[in-house]
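Okay, so here's the structure we're looking at.
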Amino acid sequence: MTLKMTGTAASNGVGIAPAYIVDKPDLSFEKRRISDPFAEIQRFKDALLAISNDLRALKKAATKKLSKDELAIFDVHIEILDDPEMFNQVVTRIRSQRINAETAFEEVITRVIHEFESMTGNKYMQERATDFASIRDQVLAKLEGKQLPNLQTLDHPVIVVAHMIGPSDTSQMNAKYVKGIVTEVGGRTSHAAIMARSLQIPAIVGCKKVAHQVKNGERLVVDGFSGTAIVEPTTQQVAHYQQLASQYAAEKLQWAKLVNSPSVTKDGQQLTISANIGSSNDIPAAVNNGADEIGLFRTEFLYMKSEHLPTEEEQFRAYRDAVESLGGKTLVVRTLDIGGDKPLTFMPLPHELNPFLGYRAIRISLDRPQMFRTQLRALIRASQFGQVNIMFPMITTLEELQAAKKIYYEEREKLRQDYPHIGANIKLGIMIEVPLAALYAERLAKEVDFFSIGTNDLIQYCFAADRGNASVSYLYQPLNPPFLRLIEHIIKSGHQHNTTVAMCGEMAGDRLALPLLMGMGLDEYSMSATSILRTRSMMRNLDINECQKLYHEAVTKCETANQVHDLVEEWLKNE
Ligand code: PEP
Ligand code: MG
């Protein structure tokens, strides 16, 4: 019987093939008392070492097949296995409680998994729980002498269906046979999703209970555009999706031709399409996808993966390497956007009831100026190696912006004692992601060279809806008419003072928002690398005058986001 299921669309494309359920063996075990803790600790050590060796071997074998990003995921897992703190906690339990390694290890790792899962305000950290869960399974399987599934043996086309997919699973996948992936857990930034996108395999994540609803061999459609999975589709559904798949394949071929083409509108206006990145590892994918610039470098990952406050030298090297690898393209770096929801191991922040309304981003930087100064100095120094622009996150008031600028100019002056013109080419900007800053854009524009609209936060603050809370996700409404008017206000205010206006929130890569944003006059569109070519292809077919008319109609005739959605869908059909 045909069954439709939905999850989060994680990687574009359509796949149709029999389901292959990745069955994990039963990893349950008995809590046992042991008489020889020394031997038990050795057994645990041997298991860790064997897995870490397996992962290193898999990584080596996959070097040619996988991107740098994917290979880095192996390192994350090897780091977890090598973590001395986790090891010591397990060993202490085995010794003091005289329990078997399975029990001690599971207690420790389950606590870590829960800690990550409870970071509901931060999808990135929440999804790191899946890394630890994958390690838990591997270690328990090794201790129990059980075999985890091996995707390397696949020899016919399948849709992989699993509770969760880890890097060791994906590295064994042969894209020739894996036509789609559906997992029960994970979000758009989980590793399964990242891997699927870079292997260009259509994927859906967070499709609850799918592994229980589908049987091995049942025909399955994966629609990675909408996040829909169909079990045992009808003949009409198969025909529809086959057509969608060949249309997408043809489109991709067309888009690929645009890698070196300018981001220009049908009527000849030059705009900019850039990429959002979390580390310099993401730069090759951005460049290969034709990014004009890097419009947002989220520096928090540099801090989050470090055990200590990154030094000026460490940061300088990271920013310099990033800008050098861009071969002349601009790098826009956002200063630290850390907060109660994104923890730093070396700097415990107080627990907050409302972390998104609390101590985060520029608020922390201004409160701990030494840390801020270190980052600014590193950035100013890196600007000698290419075009580095700097922007401040979460600016709310004029005083905050002026205080941040004052610190920036003080550091630049100090550096100029040794390097007279250093930093002369840097452009300064702010993220507009707090409603008050959006309302006050006219005044703030006088202070900076550029704005970058952070719609992920701006929407959560305008709609009073936590961006990580699935129960209120219906309030993520970038197309809501009053919200569109606010965006227009920001753009117009910026332009009154010759301030360039960019957008780096998810809305910038939204297919339906594009003609509206072009109609409002947005200058720069910064998005995930894989959306760039599709956006450029659309942009080149759209005329600014027509987009202006569409925008006008959207905000004068429509009263809800749904109405705008339908209006733009209809309009695009005729474009
Ligand atoms: C945003 O808020 O839109 C944004 C780009 O920043 P982040 O998602 O990192 O908060
Ligand atoms: Mg933000």
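The values are calculated or read from the model by the stated rules, or taken from the named source; none is laboratory data. As the structure is a prediction and not an experimental result, all values here were calculated from the model. Positions of Cβ are generated from backbone atoms using ideal geometry, with glycine treated the same way; all protein chains shown enter the neighbour counts. Just so you know, the surface numbers come from the protein's heavy atoms only, side chains and all, with ligands and any DNA or RNA stripped out. Shrake-Rupley method; radii C 1.70, N 1.55, O 1.52, S 1.80 Å.
Observations, loosely collected:
- Pairs from the list 405/492; 329/427; 142/176; 31/142 with a Cα-Cα gap above 18 Å: 405/492; 142/176.
- Mean separation of Cα contacts under 8 Å (6+ apart) over length of the range 37-144, as relative contact order %: 32
- Only protein atoms count toward the accessible area here, which uses a 1.4 Å probe; on the chain, the carbon and sulfur part of that area reaches 50 percent.
- Net +/- balance of residues flanking residue 485 in space, Cβ distance below 14 Å, scoring K and R +1, D and E -1: -1
- Cα gyration tensor, the range 258-573 - rounded (a/c under 1.5), prolate or oblate: prolate
- Simple label model, 7 Å out from Cα along Cβ direction - residue 153 to residue 29, nm: 2.3
- Shape call, the range 370-502: gyration tensor on alpha carbons, a/c limit 1.5: prolate
- Residues in the range 520-528 carry Karplus couplings, in order, of 7, x, 4, 8, 9, 10, 10, 8, 5 Hz; the curve used is 6.51 cos²θ - 1.76 cosθ + 1.60 with θ = phi - 60°, and Gly or Pro positions show x.
- Accessible area of the range 37-144 divided out per residue, in Å², using a probe of 1.4 angstrom: 47
- Distance between the 7 Å Cα→Cβ label points at residue 114 and residue 270: 5.8 nm.
- Residue ranges 561-568, 97-104 sort as 97-104, 561-568 when ordered by packing (mean number of other C-beta atoms within 10 Å per residue, highest first).
- Prolate/oblate/rounded label for the range 232-309 (Cα gyration tensor, a/c 1.5): oblate
- Close amide H partners of residue 34, meaning residues 5 or more places away or on another chain with modelled amide H under 5 Å apart, are 99, 100.
- At full extension, residue 569 and residue 200 could sit 130.3 nm farther apart than now, given 0.36 nm per residue minus the alpha carbon distance.
- Point-to-point label distance, residue 541-residue 54, nm (Cα→Cβ direction, 7 Å offset): 4.8
- The mean sequence separation of alpha-carbon pairs under 8 Å and at least six residues apart, normalised by the residue count of the range 312-364, gives a relative contact order of 32 percent.
- Length-normalised contact order for the range 258-573 - Cα pairs under 8 Å, 6+ apart - percent: 20
- Among 427-439, 352-364, 266-278, sorting by the average number of other beta carbon atoms lying within 10 angstrom of each residue, highest first, gives 427-439, 266-278, 352-364.
- With R₀ set to 60 Å, the beta-carbon distance separating residue 419 from residue 352 gives a calculated FRET efficiency near 0.90.
- Taking all protein chains into account, the per residue accessible area for the range 201-266 stands at 53 Å² (1.4 Å probe).
- More than 30 angstrom apart: percent of Cα pairs within the chain: 56
- Per residue, in Å², the accessible surface of the range 316-432 once ligands and nucleic acids are set aside, probe 1.4 Å: 42
- Segment residue 232-residue 497, length gained on full extension (0.36 nm per residue, minus Cα span): 89.6 nm
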